[in-house]
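Here is the structure we will look at.
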Amino acid sequence: MKVYLPFLLAALLIGFLASAAQGQSLPEPRQSPVGVSRAMLGDAYVKVVYGRPYARDRKIFGSLVPHGEVWRTGANEATEITLTDDLNVSGKKLEAGTYSVFTIPESNQWTIIFNSKLGQWGSYSYNRDHDVLRVNVPVSQTPEPVDIFTISVEKEDETSGHIVLEWERTRIEVPLEK
């Protein structure tokens, strides 16, 4: 009987797992992983959650991401930013809260959009009526190509910094100040 015990336990475990998983499928891994960037500016906590697509030798801006059109600013769900206190973004006040972040890329400047509608997939249901703030920022180039889309919150000092977006050879800096 002892010889059959491991086989019996294995069969029971397999049966249990099969019945527990019935009707449920495991989620497929995402091609674009989730990224999180955060920092403290004074007593304000800033957190950005976004999808990180890869360039994979594709032409990104002006092609995959067209100029002049609203972009989800990453992959999958729309990028979201959370502020625990009011901040000045490019000199304009953005109240504490959580916002979807959209952008309109152009070759020499981008429009950064903070939108009050959360939980959006991509920019398919984007509605300008929910915009809380729009700012324009210049475009610069990265010294080296960036294969995976990256958003970081970089501090300059205790109360100021930038949200930095980098992909391909494009770099965008959005000034933040407490």
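Assorted remarks:
- Considered as a group, the residues in the range 23-76 that are acidic (D, E) and over 22 Å from W110 (Cα atoms) include one that is modelled with the highest pLDDT, and that residue is D43.
- Across the range 77-116, the number of residues qualifying as of a type in the set (D, E, K, R) and either farther than 17 Å from D43 by Cβ or under 15 Å from the mean Cα position of the chain (by Cα) (or both) comes to 4.
- Considering each residue of the range 149-157 in turn, none proves to be β-branched (V, I, T), within 21 Å of S63 (Cα to Cα) and more than 15 Å from the chain's Cα centre (by Cα).
- Some residue of the range 121-131 being at pLDDT 95 or above, part of a strand (DSSP E or B) and either touching a helix residue (DSSP H, G or I) at 6+ places or on another chain (Cβ under 7 Å) or surrounded by 12 or more Cβ atoms within 10 Å (Cβ to Cβ) (or both): yes
- Any chance S90 is surrounded by fewer than 19 Cβ atoms within 10 Å (Cβ to Cβ), within 19 Å of S37 (Cβ to Cβ), out of contact with any helix residue (DSSP H, G or I) (no Cβ under 9 Å at 6 or more places or on another chain) and among the small types (G, A, S): yes
- Residue satisfying all of: in the range 162-173; aliphatic (A, V, I, L, M) and buried (at least 20 other Cβ atoms within 10 Å of the Cβ); nearest to I81 (Cα to Cα) among these: I163
- In the range 145-160, the qualifying residues are those that are touching a residue at least 12 places away in the same chain (Cβ under 8 Å) and of a type in the set (D, E, K, R), and the one that is farthest from Y50 (Cα to Cα) is E158.
- Looking only at the range 48-62, and only at residues there that are within 20 Å of L118 (Cβ to Cβ) and either part of a strand (DSSP E or B) or among the hydroxyl-bearing types (S, T, Y) (or both), the one that is nearest to the chain's Cα centre (by Cα): Y50
The values are calculated or read from the model by the stated rules, or taken from the named source; none is laboratory data. Keep in mind that what you see is a predicted model, and the values were worked out from it rather than measured. Positions of Cβ are generated from backbone atoms using ideal geometry, with glycine treated the same way; all protein chains shown enter the neighbour counts.
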